[in-house]
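Worksheet: the structure to be examined is printed underneath.
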Amino acid sequence: MAIRVVVAGATGWAGAAVARSILAANDLQLVGAVSRKHAGLDIGAALGLKPSGVTIRDSVEDALQEPTDVLVDYTHPLTVKGHTLSALNHGVHVVIGTSGLNGMDYEEIARVAVDKSKGVVAAGNFSLTAALAKHFSLIASQYLSSWEIIEYADMAKVDAPSGTVQELAESMGEVRRPKLEIPVDQILGSPATRGATIAGVQVHAIRLPSYTLGFEIIFGMPNERLQIRHDAGRDPEPYVSGTLLAVRRVTQLVGLIRGLDHLLFPNEAQ
(Lines give C-alpha, C1' and ligand atoms only; values in the text may rest on other atoms or scores of the structure.)
Protein backbone atom coordinates (compact mmCIF):
# COMPACT_ATOMS: atom_id res chain seq x y z
CA MET A 1 0.00 0.00 0.00
CA ALA A 2 1.36 3.42 -0.96
CA ILE A 3 2.30 5.90 1.78
CA ARG A 4 -0.21 8.76 1.72
CA VAL A 5 1.53 12.13 1.88
CA VAL A 6 0.50 15.76 2.33
CA VAL A 7 3.08 18.39 1.36
CA ALA A 8 2.86 21.80 3.02
CA GLY A 9 4.59 24.45 0.96
CA ALA A 10 3.90 22.35 -2.13
CA THR A 11 4.49 25.15 -4.64
CA GLY A 12 7.58 26.57 -2.96
CA TRP A 13 11.22 26.16 -3.93
CA ALA A 14 11.88 22.80 -2.25
CA GLY A 15 8.27 21.71 -1.67
CA ALA A 16 7.46 21.79 -5.38
CA ALA A 17 10.36 19.49 -6.22
CA VAL A 18 9.29 17.09 -3.46
CA ALA A 19 5.65 17.14 -4.61
CA ARG A 20 6.66 16.37 -8.21
CA SER A 21 8.74 13.40 -7.09
CA ILE A 22 5.92 12.03 -4.92
CA LEU A 23 3.52 12.27 -7.86
CA ALA A 24 6.00 10.23 -9.92
CA ALA A 25 6.70 7.58 -7.25
CA ASN A 26 4.99 4.19 -7.30
CA ASP A 27 5.15 3.65 -3.52
CA LEU A 28 4.00 7.14 -2.51
CA GLN A 29 0.64 8.87 -3.02
CA LEU A 30 0.19 12.63 -2.85
CA VAL A 31 -3.20 13.05 -1.15
CA GLY A 32 -2.90 16.70 -0.17
CA ALA A 33 -1.03 19.91 -0.87
CA VAL A 34 -0.92 23.21 1.01
CA SER A 35 -0.18 26.61 -0.49
CA ARG A 36 -2.04 29.79 0.42
CA LYS A 37 -1.13 31.53 -2.84
CA HIS A 38 -2.40 28.68 -5.02
CA ALA A 39 -5.31 27.36 -2.97
CA GLY A 40 -8.10 25.95 -5.11
CA LEU A 41 -5.86 24.90 -7.99
CA ASP A 42 -4.99 21.33 -8.90
CA ILE A 43 -1.46 20.63 -7.64
CA GLY A 44 -0.47 18.92 -10.88
CA ALA A 45 -1.55 21.90 -12.97
CA ALA A 46 0.12 24.33 -10.54
CA LEU A 47 3.40 22.46 -11.00
CA GLY A 48 3.13 22.42 -14.78
CA LEU A 49 2.10 18.76 -14.91
CA LYS A 50 -1.11 17.05 -15.94
CA PRO A 51 -3.98 17.45 -13.43
CA SER A 52 -3.61 15.10 -10.49
CA GLY A 53 -7.04 15.31 -8.89
CA VAL A 54 -5.52 16.82 -5.72
CA THR A 55 -6.78 20.31 -4.88
CA ILE A 56 -4.40 22.65 -3.09
CA ARG A 57 -5.69 23.75 0.32
CA ASP A 58 -4.86 26.94 2.18
CA SER A 59 -4.15 25.27 5.53
CA VAL A 60 -2.65 22.09 6.92
CA GLU A 61 -5.80 21.49 8.95
CA ASP A 62 -7.89 21.39 5.77
CA ALA A 63 -5.44 19.14 3.93
CA LEU A 64 -5.31 16.65 6.81
CA GLN A 65 -9.01 15.96 6.44
CA GLU A 66 -7.87 13.43 3.84
CA PRO A 67 -6.58 10.13 5.29
CA THR A 68 -2.85 10.80 5.60
CA ASP A 69 0.20 8.89 6.76
CA VAL A 70 2.93 11.57 6.53
CA LEU A 71 3.02 15.37 6.48
CA VAL A 72 6.05 16.91 4.79
CA ASP A 73 6.61 20.53 5.80
CA TYR A 74 8.58 23.00 3.71
CA THR A 75 6.91 26.22 4.81
CA HIS A 76 8.14 28.93 7.20
CA PRO A 77 9.92 29.01 10.59
CA LEU A 78 6.92 30.72 12.22
CA THR A 79 4.39 28.08 11.12
CA VAL A 80 6.22 24.76 11.04
CA LYS A 81 5.85 23.98 14.75
CA GLY A 82 2.08 24.49 14.66
CA HIS A 83 1.80 22.35 11.55
CA THR A 84 3.83 19.58 13.17
CA LEU A 85 1.81 19.50 16.38
CA SER A 86 -1.43 19.59 14.41
CA ALA A 87 -0.34 16.62 12.31
CA LEU A 88 0.72 14.61 15.35
CA ASN A 89 -2.62 15.30 16.99
CA HIS A 90 -4.28 13.97 13.82
CA GLY A 91 -2.24 10.76 14.15
CA VAL A 92 0.07 11.66 11.25
CA HIS A 93 3.85 11.22 11.07
CA VAL A 94 5.90 14.29 10.11
CA VAL A 95 8.99 15.08 8.04
CA ILE A 96 10.27 18.61 8.77
CA GLY A 97 12.34 20.31 6.08
CA THR A 98 11.70 23.83 7.37
CA SER A 99 14.45 25.43 9.47
CA GLY A 100 14.16 27.88 12.35
CA LEU A 101 13.05 25.68 15.26
CA ASN A 102 15.07 25.76 18.47
CA GLY A 103 15.91 23.17 21.10
CA MET A 104 12.82 23.88 23.20
CA ASP A 105 10.59 23.52 20.13
CA TYR A 106 12.09 20.13 19.39
CA GLU A 107 11.70 19.02 23.01
CA GLU A 108 7.96 19.74 22.84
CA ILE A 109 7.62 18.04 19.46
CA ALA A 110 9.47 14.98 20.78
CA ARG A 111 7.16 14.72 23.79
CA VAL A 112 4.03 14.93 21.67
CA ALA A 113 5.40 12.44 19.12
CA VAL A 114 6.04 9.88 21.83
CA ASP A 115 2.66 10.55 23.42
CA LYS A 116 0.93 9.99 20.07
CA SER A 117 3.19 7.04 19.12
CA LYS A 118 4.21 8.77 15.89
CA GLY A 119 7.53 9.52 14.26
CA VAL A 120 9.07 12.86 13.33
CA VAL A 121 12.20 13.26 11.21
CA ALA A 122 13.59 16.79 11.24
CA ALA A 123 16.66 17.81 9.28
CA GLY A 124 18.12 21.24 8.79
CA ASN A 125 19.25 19.90 5.43
CA PHE A 126 17.97 16.84 3.57
CA SER A 127 20.87 16.85 1.10
CA LEU A 128 22.73 13.54 1.24
CA THR A 129 26.09 15.27 0.84
CA ALA A 130 25.28 17.71 3.66
CA ALA A 131 24.38 14.74 5.88
CA LEU A 132 27.70 13.11 5.05
CA ALA A 133 29.58 16.34 5.83
CA LYS A 134 27.87 16.42 9.23
CA HIS A 135 28.69 12.75 9.84
CA PHE A 136 32.37 13.21 8.98
CA SER A 137 32.52 16.30 11.23
CA LEU A 138 31.10 14.36 14.16
CA ILE A 139 33.78 11.74 13.68
CA ALA A 140 36.51 14.40 13.50
CA SER A 141 35.26 16.13 16.65
CA GLN A 142 35.93 12.94 18.61
CA TYR A 143 39.65 13.34 17.94
CA LEU A 144 40.26 17.06 17.38
CA SER A 145 39.79 19.55 20.20
CA SER A 146 39.28 22.92 18.48
CA TRP A 147 36.88 23.95 15.73
CA GLU A 148 34.51 26.68 14.60
CA ILE A 149 31.72 26.79 12.02
CA ILE A 150 31.14 29.29 9.23
CA GLU A 151 27.86 29.24 7.33
CA TYR A 152 26.99 30.96 4.08
CA ALA A 153 23.51 31.86 2.83
CA ASP A 154 21.67 34.32 0.64
CA MET A 155 21.18 37.72 2.27
CA ALA A 156 17.38 37.23 2.15
CA LYS A 157 17.47 34.21 4.50
CA VAL A 158 15.53 35.23 7.60
CA ASP A 159 16.89 32.76 10.16
CA ALA A 160 20.44 32.75 11.47
CA PRO A 161 21.98 30.37 11.90
CA SER A 162 20.28 28.09 9.42
CA GLY A 163 18.60 24.96 10.70
CA THR A 164 21.44 23.02 9.09
CA VAL A 165 24.11 24.72 11.16
CA GLN A 166 22.00 24.89 14.34
CA GLU A 167 21.62 21.12 14.17
CA LEU A 168 25.30 20.65 13.31
CA ALA A 169 26.58 22.81 16.17
CA GLU A 170 24.30 21.15 18.72
CA SER A 171 25.30 17.67 17.58
CA MET A 172 29.02 18.46 17.65
CA GLY A 173 28.65 20.12 21.04
CA GLU A 174 27.18 16.89 22.37
CA VAL A 175 30.34 15.04 21.32
CA ARG A 176 32.57 17.54 23.12
CA ARG A 177 32.88 21.27 23.68
CA PRO A 178 35.69 22.69 21.56
CA LYS A 179 38.64 24.26 23.32
CA LEU A 180 38.85 28.06 23.40
CA GLU A 181 42.20 29.57 24.32
CA ILE A 182 40.48 32.84 25.32
CA PRO A 183 36.82 32.66 26.45
CA VAL A 184 34.53 34.89 24.42
CA ASP A 185 33.55 36.97 27.45
CA GLN A 186 37.22 37.86 27.96
CA ILE A 187 37.75 39.18 24.45
CA LEU A 188 38.92 42.79 24.26
CA GLY A 189 37.24 45.08 21.74
CA SER A 190 33.99 43.65 20.30
CA PRO A 191 33.29 40.09 21.56
CA ALA A 192 30.37 39.81 19.09
CA THR A 193 32.91 39.50 16.28
CA ARG A 194 33.74 36.04 17.64
CA GLY A 195 30.31 34.85 16.51
CA ALA A 196 27.45 33.23 18.40
CA THR A 197 28.03 30.42 20.86
CA ILE A 198 25.77 27.42 20.20
CA ALA A 199 26.28 24.37 22.41
CA GLY A 200 29.76 25.66 23.15
CA VAL A 201 30.61 26.02 19.45
CA GLN A 202 31.44 29.38 17.83
CA VAL A 203 29.25 29.93 14.75
CA HIS A 204 29.65 32.72 12.19
CA ALA A 205 26.74 33.41 9.81
CA ILE A 206 27.47 35.17 6.53
CA ARG A 207 24.59 36.54 4.44
CA LEU A 208 25.57 37.68 0.93
CA PRO A 209 24.23 37.49 -2.62
CA SER A 210 25.34 34.52 -4.78
CA TYR A 211 25.16 32.01 -1.92
CA THR A 212 22.31 29.54 -1.50
CA LEU A 213 23.43 27.52 1.51
CA GLY A 214 26.83 26.34 2.58
CA PHE A 215 28.73 25.54 5.72
CA GLU A 216 32.33 24.92 6.66
CA ILE A 217 33.78 23.32 9.77
CA ILE A 218 37.37 24.34 10.39
CA PHE A 219 39.34 22.17 12.80
CA GLY A 220 42.57 23.76 14.01
CA MET A 221 45.45 21.88 15.62
CA PRO A 222 49.07 22.94 16.13
CA ASN A 223 50.66 23.24 12.68
CA GLU A 224 47.73 21.64 10.83
CA ARG A 225 44.10 22.23 9.86
CA LEU A 226 41.20 20.16 8.58
CA GLN A 227 38.34 21.80 6.67
CA ILE A 228 35.07 20.06 5.83
CA ARG A 229 32.82 22.11 3.57
CA HIS A 230 29.46 21.67 1.89
CA ASP A 231 27.94 24.02 -0.70
CA ALA A 232 24.51 23.80 -2.32
CA GLY A 233 23.43 25.38 -5.60
CA ARG A 234 20.13 26.99 -6.48
CA ASP A 235 18.43 23.79 -7.67
CA PRO A 236 16.31 22.07 -4.97
CA GLU A 237 16.85 18.57 -6.36
CA PRO A 238 19.63 17.68 -3.83
CA TYR A 239 17.02 17.81 -1.04
CA VAL A 240 14.47 15.54 -2.71
CA SER A 241 16.12 12.14 -2.27
CA GLY A 242 16.79 12.71 1.42
CA THR A 243 13.24 13.94 2.01
CA LEU A 244 11.74 10.90 0.30
CA LEU A 245 14.05 8.62 2.29
CA ALA A 246 12.66 10.20 5.45
CA VAL A 247 9.06 9.82 4.22
CA ARG A 248 9.62 6.12 3.64
CA ARG A 249 11.26 5.58 7.06
CA VAL A 250 9.28 7.84 9.38
CA THR A 251 6.21 5.58 9.51
CA GLN A 252 8.39 2.97 11.23
CA LEU A 253 9.49 5.36 13.99
CA VAL A 254 8.16 6.66 17.29
CA GLY A 255 9.57 9.91 18.64
CA LEU A 256 11.88 12.50 17.11
CA ILE A 257 14.99 11.99 15.01
CA ARG A 258 17.03 15.09 14.19
CA GLY A 259 19.35 14.82 11.24
CA LEU A 260 19.30 12.81 8.04
CA ASP A 261 22.62 11.28 9.09
CA HIS A 262 20.78 9.30 11.78
CA LEU A 263 18.76 7.61 9.04
CA LEU A 264 21.85 6.96 6.92
CA PHE A 265 23.84 5.56 9.86
CA PRO A 266 21.19 4.23 12.28
CA ASN A 267 23.51 1.87 14.14
CA GLU A 268 26.32 4.31 14.81
CA ALA A 269 26.57 6.40 17.95
CA GLN A 270 26.73 10.09 17.05
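The values are calculated or read from the model by the stated rules, or taken from the named source; none is laboratory data. Just so it is clear, the model here is predicted, and its values are computed rather than measured. No Cβ is skipped: glycine too gets one built from the backbone with ideal geometry, and neighbour counts run over all protein chains shown.
Consider I139 against the criteria (1) of a type in the set (A, V, I, L, M); (2) at pLDDT 95 or above; (3) not in a helix (DSSP H, G or I): it satisfies all of them except one. Which criterion is unmet?
(3)
Quick check on the range 116-156: of everything there that is among the charged types (D, E, K, R), surrounded by 18 or more Cβ atoms within 10 Å (Cβ to Cβ) and in the same structural domain as L213 (by TED's automatic domain parsing), which residue is farthest from T193 (Cα to Cα)? Don't jump to the end; show me each part of the working.
Start the filter on the range 116-156 by keeping residues that are among the charged types (D, E, K, R), which leaves 116, 118, 134, 148, 151, 154.
If we keep only those that are surrounded by 18 or more Cβ atoms within 10 Å (Cβ to Cβ) too, we end up with 116, 118, 134, 148, 151.
Adding the requirement that they be in the same structural domain as L213 (by TED's automatic domain parsing) leaves 134, 148, 151.
Numbers: K134: 25, E148: 13, E151: 15 Å.
The qualifying residue farthest from T193 (Cα to Cα) is K134.
Considering (1) in contact with a Gly (Cβ under 8 Å, 6 or more places away or on another chain); (2) assigned to a strand (DSSP E or B), say which one V121 fails and leave the rest.
The single condition V121 does not satisfy is (1).
Could you list, in sequence order, all residues of the range 202-213 that are touching a strand residue (DSSP E or B) at 6+ places or on another chain (Cβ under 6 Å) and either at pLDDT below 95 or among the aliphatic types (A, V, I, L, M) (or both)?
Answer for the range 202-213, where residues must be touching a strand residue (DSSP E or B) at 6+ places or on another chain (Cβ under 6 Å) and either at pLDDT below 95 or among the aliphatic types (A, V, I, L, M) (or both): V203, A205, I206, Y211, T212, L213.
At least 1 residues that are under 21 Å from S141 (Cα atoms) and touching a His at 6+ places or on another chain (Cβ under 7 Å) in each: list the helices (runs of 4 or more DSSP H) lying fully within the range 154-270 that qualify. Can you show your working first?
Values: elements: 163-175, 240-250, 261-264.
Correct list: 261-264.
So, in the range 91-115, how many residues would count as being buried (at least 17 other Cβ atoms within 10 Å of the Cβ), out of contact with any His (no Cβ under 9 Å at 6 or more places or on another chain) and assigned to a loop (DSSP other than H, G, I, E, B)?
4
Enumerate the pairs (first residue in the range 219-232 and closer than 25 Å to R207 by Cα; second residue anywhere and of a type in the set (V, I, T) and surrounded by 14 or more Cβ atoms within 10 Å (Cβ to Cβ)) with beta-carbon separation below 6 Å, excluding pairs fewer than 6 apart on the same chain, so at least 6 apart or on different chains.
Sorted first by the residue in the range 219-232, then by its partner, the pairs are Q227/I218; I228/I217; A232/T212.
Being surrounded by 13 or more Cβ atoms within 10 Å (Cβ to Cβ) and not hydrophobic (A, V, I, L, M, F, W, C) is the filter here, so list the residues in the range 192-222 that pass it.
Of everything in the range 192-222, those that are surrounded by 13 or more Cβ atoms within 10 Å (Cβ to Cβ) and not hydrophobic (A, V, I, L, M, F, W, C) turn out to be R194, G195, T197, G200, Q202, H204, R207, Y211, T212, G214, E216, G220.
List, please: which pairs have Cβ atoms under 7 Å, are six or more places apart or on different chains, and start with a residue in the range 46-67 that is in contact (Cβ under 8 Å) with a residue 24 or more places away in the chain and end with one that is surrounded by fewer than 16 Cβ atoms within 10 Å (Cβ to Cβ) and assigned to a helix (DSSP H, G or I)?
none
Just one of the numbered conditions (1) among the aliphatic types (A, V, I, L, M); (2) within 15 Å of V7 (Cβ to Cβ); (3) touching a strand residue (DSSP E or B) at 6+ places or on another chain (Cβ under 6 Å) is not true of A113; which one?
Failed condition: (2).
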